[in-house]
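Okay, so here's the structure we're looking at.
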Amino acid sequence: MYNHKSKTSDATSMKPLDPEEFRRQGHLVIDFLADYYKNVDKYPVRSQVEPGYLKERLPGSAPNEPEPIEQILHDVQNDIVPGLTHWQSPNYFAYFPSSGSIAGFLGEMLSTGFNVVGFNWMSSPAATELESIVMDWLGKMLQLPSEFLFSGGGGGVLQGTTCEAILCTMVAARDRVLKKIGRVNINKLVVYGSDQTHSALQKAAQIAGINPTNFRAVATSKSNAFGLTAEAFRAQVESDVESGLVPLFLCATIGTTSSTAVDPLGPLCSVAKEFNIWVHVDAAYAGSACICPEYRHFLDGVENADSFSFNAHKWFLTTLDCCCLWVKDPSALVKALSTYPEYLRNKASDEKSVIDYKDWQITLSRRFRSLKLWLVIRSYGVANLRKFLRSHIKMAKNFEGLIGMDKRFEVVVPRNFATVCFRISPIEISGNHQIVSKEEAANNINAKLLETINESGKIYMTHAVIGGVYVMRFAVGATLTENRHVILAWKVVQEHANALLNSS
Ligand SMILES: *Cc1c(COP(=O)(O)O)cnc(C)c1O
């Protein structure tokens, strides 16, 4: 019989922000995560589930009645954890790191706990003011020229990701130029990067309304370690100008995603200056290392760029998301991105005595991200942050040394930071390869090797194709990684190579 007296939960008993329930459930979640970190090396690093795995485990519709946190955490362990790739595992060497930390986590927690929406100064003065202060701190740690700091007329802002940072600077550059040449000429604007530049640049160009035929990925080569040369850049710019186009924006990279190549900022900026091109420096991964004096030289020339960004959420102990962007001319950003509806009007903004970060980014609402950066910098101090970065670079160097002792392998491009690109050398490929060239055979066997390694779940690496060469990327940077994990990782690579080479 249909039960009309089905129990409906009493809305007044729900209390979603009850302080004592928060304390109790919060502690359960912290305990859960502490155990996760303790055991994270026991899981296969790369998730082994098949597409659609979760649909088979979870109900097709939402529960009508409340469920206890204990039950939910139980299901997180049983249903969600198997579908995780464990970026915090000490055996994680894929892509670039997403280095977690207690300080980053707790900063995120505070920010989420307050849950303020700091679009303008008035909406939470501390959110705006802390962000400006921390960005100047960080700018000084990176020895950015004073023009990038608030104290020198520029300024920094926390974006979600590099993609957003590039898009915002590109529209600032776009509107500055279109103001001069007229908006009807948008189809003439040209955007430049190299063939190694992150796809974020192309995405930004697409969103910013750049004519798709005016997107230039200038070729790089092994002879220049896959950096963009000023000569190649100049040749492309001159040819575009000759065709009546208007060069707009260059994205130069310090530490490319495929191989951590470095574009020479000094020479590129001189060419850009000549043609009035906005230069954005994307140091998403490698920017972190530049807080160490011995790696700061990679940023030489940044004084002539217009904007600079790096991801604190990659290799800087700060949880996703946190991209640090500095610009020399904040008014260019504001002109392109500001709006001022009546419902946001307030005295401080009217008097222009404050920063309203909503005008420095795409979205209106924004998170209190500076809290986590502030906690990271204060909790570890500059000295320990440098030590942390150096330890990873040292481990990568050790890994490189191990590769050097096995003549079957080779390091494919010079290592600049804590990422090593290597492969089984084509010389090692035996057999009669008349159908494919030796290089192609090497690409195939390295791809096969990487897949069998990742399938094992013992470590996780990803690949890149650089100048037609398939390489395995070994990116050290997970917070829990120690040298013993690196040594073990090399053993795993060797064992799988033995099996593969002996069978082929
Ligand atoms: C990771 C990376 C990006 C993309 O960063 P998001 O924050 O995910 O947008 C861009 N450029 C480089 C060089 C990167 O390594």
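Every number here is computed from the coordinates shown, using simple stated rules; none is lab data. Source: prediction; values computed, not measured. Reconstructed Cβ throughout: ideal geometry from the backbone, glycine too, with neighbour counts over all protein chains shown.
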Taking H as built 1.01 Å from N, whose amide H comes closer than 5 Å to the amide H of residue 253, not counting residues under 5 places away?
263, 282
Alpha carbon centre of the stretch 276-337 versus the stretch 158-212: separation in Å?
16 Å
Which FRET efficiency value, to the nearest 0.05, is calculated for residue 400 and residue 303 with the Förster distance at 30 angstrom and r the Cβ-Cβ distance?
0.40
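If the convex hull of the alpha-carbon atoms of the stretch 268-323 is projected onto planes in all directions, what is the mean projected area in square nanometres? Could the numbers behind the result be given before it?
Working: hull surface 15.8 nm².
Mean projected area for the stretch 268-323: 3.9 nm², to one decimal.
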Per-bin percent of Cα-Cα distances, the stretch 112-156 [5 Å]:
6, 22, 25, 18, 14, 11, 4, 0
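If I take every Cα pair under 8 Å that is 6 or more residues apart in the stretch 294-345, average their sequence separation and divide by the length, what percent do I get for the relative contact order? All intermediate terms of the calculation are to be shown ahead of the outcome.
On the way: 32 pairs, mean separation 13.6, N = 52.
Across the stretch 294-345, relative contact order equals 26 percent.
Could you calculate, for the stretch 351-504, the ratio of the Cα radius of gyration to the Kirkwood radius, expressed as Rg to Rh? All intermediate terms of the calculation are to be shown ahead of the outcome.
Values: Rg = 21.3 Å, Rh = 18.4 Å.
Result: Rg/Rh = 1.16.
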Students often get this wrong: which residues of the stretch 386-424 have the backbone nitrogen under 17 Å from the point 7 angstrom along Cα-to-C-beta of residue 462?
418-422
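Antiparallel versus total DSSP beta bridges in the chain: what percent is that, nearest 5?
Details: 23 of 40 bridges.
Around 60 percent of the beta bridges assigned by DSSP in the chain are antiparallel ones.
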Per residue, how big is the convex hull around the C-alpha atoms of the stretch 347-397? Give it to me in cubic angstrom, could you?
140 Å³
With each label point set 7 Å from Cα along the Cα-Cβ vector, what nm distance links residue 23 and residue 448?
6.2 nm
How much of the DSSP beta bridge set in the stretch 177-317 is antiparallel, as a percent to the nearest 5?
5 percent
Mean separation of Cα contacts under 8 Å (at least 6 apart) over the residue count of the chain, i.e. the relative contact order in percent, is 21 percent
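Projected area of the stretch 179-333, taken from the Cα convex hull and averaged over every viewing direction, in nm²?
Numbers: hull surface 38.2 nm².
Result: a mean projected hull area of 9.6 nm².
Can you tell me the mean projection area, over all orientations, of the convex hull of the stretch 311-353's alpha carbons? Units nm², please.
On the way: hull surface 19.3 nm².
Averaged projected hull area, Cα only: 4.8 nm².
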Using the Cα gyration tensor of the stretch 138-218, the equivalent ellipsoid's semi-axes, largest first and to the nearest Å, work out to 26, 17, 11
Taking only the alpha-carbon atoms of the stretch 423-504, the convex hull volume per residue, in cubic angstrom, is 95 Å³
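Calculate, in nm to one decimal, what residue 57 and residue 219 gain on full extension: separation in residues at 0.36 nm each, minus their alpha carbon distance.
53.6 nm
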Set of lysines with alpha-carbon distance to residue 38 below 22 Å, sequence-local pairs under 8 removed
314, 458
Taking the simple approach of a point 7 Å from Cα along Cα-to-Cβ for both residue 39 and residue 75, what is their distance in nm?
2.0 nm
At 37 °C and 0.692 mPa s, the Stokes-Einstein diffusion coefficient in µm²/s for the stretch 5-136, with hydrodynamic radius from the Kirkwood sum on alpha carbon pairs, is 176 µm²/s
So if R0 is 45 Å, what FRET efficiency would residue 179 and residue 382 give, r being the distance between their Cβ atoms, rounded to the nearest 0.05?
0.65
Taking N as the number of residues in the stretch 73-182, what value does Rg over Cα atoms divided by 2.2 N^0.38 Å take?
1.47
Share of Cα-Cα pairs in the chain beyond 28 Å, in percent?
61 percent
Using a 10 Å cut-off on Cβ atoms, rank the peptides 368-378, 261-271, 245-255, 178-188 from the highest mean neighbour count down.
245-255, 368-378, 261-271, 178-188
